[in-house]
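Enquirer: Provided herewith is a single structure, encoded as structure tokens, for subsequent inquiry.
The values are calculated or read from the model by the stated rules, or taken from the named source; none is laboratory data. Here the structure is a predicted model, which is why all the values come from computation and not from measurement. A quick note on method: Cβ atoms are made from the backbone with ideal geometry, for glycine too, and the neighbour counts reach across all protein chains shown.
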Amino acid sequence: MKQQPSSENEWITLAQHGNTAAFGELYKLHLEAIYGYVFKRVGEVGEVENLTQTIFLKAWQGLARYQPSQVPFRAWLYRIAHNAVIDYYRTKKVAVSLDEQPDQSANLPADVDLPEESLVSQERYDFLRQAIAKLRPAYQQVISLRFLSELDYAETAKVLGKEVNSIRVLQFRALEALHKILTQWS
């Protein structure tokens with residue numbers, strides 16, 4: 001009986017040698033995060049599913065060129081996802097801001113009653129989403145990657161193709177601008 005790989009890097013190595021089951025494990029490990037990243041930018045379930053499938057297909061096709069020593073696998077996947085979303089909007093020739101994104105509660109069945117806490121939470125989410133939408137696109141991206149996708153500085157830098165110090169500065173400026181907007185609205 002074969003022993004299962006004990007680390008993501010072992011799964012990657014097996015997948016790079018054509019092991020589809022190993023890539024399947026990587027897929028399962030990262031599917032939810034990548035799907036969530038794309039959903040927050042596109043919002044249409046059918047489109048999100050298609051884009052997510054395309055992202056993992058591109059990852060499989062490019063896996064032989066992936067160098068674990070250069071970038072973490074998760075950051076590499078986010079980079080592919082980031083580029084796929086950009087390509088999606090380029091081909092659609094549509095510019096959509098965050099406040100044009102669909103209301104997340106709209107996906108709930110009509111007969112579901114939300115508790116009061118959920119409604120308050122949704123209102124806060126909508127308020128924050130509207131404030132973030134007022135930011136420059138670069139600020140929106142860094143806030144999304146750092147706080148919604150929970151990437152660290154190094155991973156965010158790899159996804160955006162910038163230096164870590166640039167990401168730190170960009171995040172500081174983004175949070176400062178967001179604070180100004182929220183202060184004005186209060």
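Enquirer: With (1) surrounded by fewer than 18 Cβ atoms within 10 Å (Cβ to Cβ); (2) at pLDDT 85 or above as the list, and LYS134 as the residue in question, which single condition is left unmet?
Expert: So the condition that LYS134 fails would be (1).
Enquirer: Keeping to the stretch 166-184, report how many residues are touching a Lys or Arg at 6+ places or on another chain (Cβ under 7 Å) and touching a residue at least 40 places away in the same chain (Cβ under 8 Å).
Expert: 1
Enquirer: Please work out which residue is farthest from LEU77 (Cα to Cα), limiting yourself to the stretch 1-21 and to residues that are modelled with pLDDT of 90 or more and touching a helix residue (DSSP H, G or I) at 6+ places or on another chain (Cβ under 7 Å).
Expert: Among those residues, the one meeting the criterion is LEU14.
Enquirer: Based on this model, can you work out whether GLN61 counts as surrounded by fewer than 15 Cβ atoms within 10 Å (Cβ to Cβ), more than 21 Å from THR13 (Cα to Cα), out of contact with any Cys (no Cβ under 9 Å at 6 or more places or on another chain) and at pLDDT 90 or above?
Expert: Criteria not met by GLN61.
Enquirer: Select, from GLY62, GLY24, the only residue that is free of Cβ contacts under 8 Å to residues at least 24 places away in the same chain, part of a helix (DSSP H, G or I) and within 16 Å of ALA75 (Cβ to Cβ).
Expert: Unique residue meeting the criteria: GLY62.
Enquirer: Within the stretch 41-51, how many residues turn out to be buried (at least 20 other Cβ atoms within 10 Å of the Cβ) and in contact (Cβ under 8 Å) with a residue 24 or more places away in the chain?
Expert: Adding up the residues that qualify gives 3.
Enquirer: Suppose we filter the stretch 142-186 for residues that are in contact with a helix residue (DSSP H, G or I) (Cβ under 6 Å, 6 or more places away or on another chain), more than 14 Å from VAL71 (Cβ to Cβ) and outside any helix (DSSP H, G or I); how many remain?
Expert: 1
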